[in-house]
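Presented below is the structure to which this report refers.
The values are calculated or read from the model by the stated rules, or taken from the named source; none is laboratory data. Since this is a predicted model, take the numbers as computed values, not measurements. Backbone-built Cβ (ideal geometry, glycine too); neighbour counts: all protein chains shown.
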C-alpha cells in the first residue's frame, strides 16, 4: 500500500510560526508605558506619579506579538505567500513539502505557491484572558517538471504540469491566559491553549493522474489539500523579559492530533478505508523585539517545529508512514507601523533554514481595533 505523507509542513507550520512571532512583546506593557510626572505642590501635598496608556507602537507589539488583553475587539485581515522549490525528487506515495504525491512518482522539480487569506478576531475577556478565532482561506498551486519524461533524458523533452486548489482551511480558536505579570525579578508568563477543526480538504485518498507526454513515468495528484483532516489540540507557554531597550523572549508548545477514520486513505483504485494518526508536533522559538518610536516596532525571531511520524491502521494492522516526520526551521523578521490610533500595518518575512520549511514566506496584516 502506498500512503500519503500526512504531515504537511507548510500547512501545519503557519500556526507555529505565528505562535513564535506572537511571543514577542507583552512586557512592553510594563517597561514602555508613557509615564507622566507631576511635581509636588508648594503646600507639600504632591500628586503621585501616574501612568498613561502605552504608546501605539507598544500596543501593536502587544496585539500582534503576544496578547494585548484589551476589552476592545480587534478584527485583523491578513494575506501571506509561501514559496518552495525542490529538485531531484524520487517519491513513492507520501506528502512531501507542500504537495501530495500518491503512487509511483519520479519528479525532478516541484515549485509550490501557497497564498493564504485569513480573518482573525481577538477580544480581551478580562485583563488576564484573551480569546482568538482564525478563519483561513487557501489558494495553492504546484508545478511539476521532469527531465526525460519518456524514460530517456537524452531523447525526450521535459514534461511539465500544474495543479491548483482553492478552499477553506482549518479553522482554529485559542485562549491566552496571563499567569504572571513581569516584575524586576521575573518575566511575563502566558499560557495558551487552542483547538483546530478539520474544516479544510483533507489529504487522504487523493488519486493521481499521469502527465501527458511522460509515457506514464510521471504521476501527479489531481488536487491539493487545504487542511490536515483531523482535529487537534495544542498548548504552550511563553516567557518574556524586558532588557531595556530590548525584549527577550522564548516559547514552547505541543500539538496533539486525534486519530481519525477515513473511507479512503490510498490512491489505489477503489476505497481503502483505514484510521490515520497524524504525528504530534513540538515547537519552540526565541527572539527579540524593539519599539523604535511611538509608531514603529521591529522584531526578529527563530522558530522550530518537529513533527513525529504518522501511523495508519488498516485491517487491524498499524504501520508507521515512512518519511512522515519533519523538521521545520525558519528565521523571522517583522515590522509593525501604526497608521492611526486604531489601525496598523504588520509585515513579516520568514526564511526557511531546513529542507522541510518553505523557502520564503511573506505576510501582511492590518488589524482594526474597535
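Assorted remarks:
- Region 181-201: number of residues that are surrounded by 15 or more Cβ atoms within 10 Å (Cβ to Cβ) and either in contact (Cβ under 8 Å) with a residue 60 or more places away in the chain or over 15 Å from residue 239 (Cα atoms) (or both): 12
- Being within 30 Å of residue 219 (Cα to Cα) and either surrounded by fewer than 23 Cβ atoms within 10 Å (Cβ to Cβ) or in contact (Cβ under 8 Å) with a residue 24 or more places away in the chain (or both) is a property that residue 307 has.
- Among residues of region 110-130 that are on the phi > 0 side of the Ramachandran plot, none has a beta-carbon under 7 Å from a residue that is exposed (fewer than 14 other Cβ atoms within 10 Å of the Cβ) at least six positions away or on a different chain.
- Candidate set: region 255-295, residues that are in contact with a helix residue (DSSP H, G or I) (Cβ under 6 Å, 6 or more places away or on another chain) and surrounded by fewer than 22 Cβ atoms within 10 Å (Cβ to Cβ); chosen: the one farthest from residue 223 (Cα to Cα): 294
- Strands (runs of 3 or more DSSP E) within region 193-269 that include 1 or more residues within 21 Å of residue 176 (Cβ to Cβ): 232-243, 246-257
- Test: residue in region 333-348 that is in contact with a strand residue (DSSP E or B) (Cβ under 9 Å, 6 or more places away or on another chain), within 23 Å of residue 281 (Cα to Cα) and at pLDDT below 95: no
- So residue 205, is it over 30 Å from residue 299 (Cβ atoms) and either at pLDDT below 95 or touching a helix residue (DSSP H, G or I) at 6+ places or on another chain (Cβ under 7 Å) (or both): yes
- Filter pass, residue 276 being at pLDDT below 90, over 25 Å from residue 80 (Cα atoms) and in contact with a strand residue (DSSP E or B) (Cβ under 7 Å, 6 or more places away or on another chain): no
- Pairs with Cβ under 6 Å, 6+ apart, first in region 310-335 and at positive phi, second in a loop (DSSP other than H, G, I, E, B) and surrounded by 15 or more Cβ atoms within 10 Å (Cβ to Cβ): 323/5; 323/94
- Residue within region 220-238 that is within 29 Å of residue 174 (Cβ to Cβ), at pLDDT below 85, touching a strand residue (DSSP E or B) at 6+ places or on another chain (Cβ under 9 Å) and exposed (fewer than 15 other Cβ atoms within 10 Å of the Cβ) present: no
- Condition met for residue 336 (within 19 Å of residue 134 (Cβ to Cβ) and surrounded by 15 or more Cβ atoms within 10 Å (Cβ to Cβ)): yes
- Evaluation of residue 182 against (1) in contact with a helix residue (DSSP H, G or I) (Cβ under 9 Å, 6 or more places away or on another chain); (2) more than 30 Å from residue 360 (Cα to Cα); (3) at pLDDT 90 or above (one fails), failing number: (3)
- Residue list for region 92-114, restricted to those being part of a strand (DSSP E or B), at pLDDT below 80 and crowded, with 21+ Cβ neighbours inside 10 Å: 96, 99, 105, 107
- Evaluation of residue 302 against (1) within 24 Å of residue 192 (Cα to Cα); (2) surrounded by fewer than 21 Cβ atoms within 10 Å (Cβ to Cβ); (3) without any contact (Cβ under 8 Å) to a residue 60 or more places away in the chain (one fails), failing number: (3)
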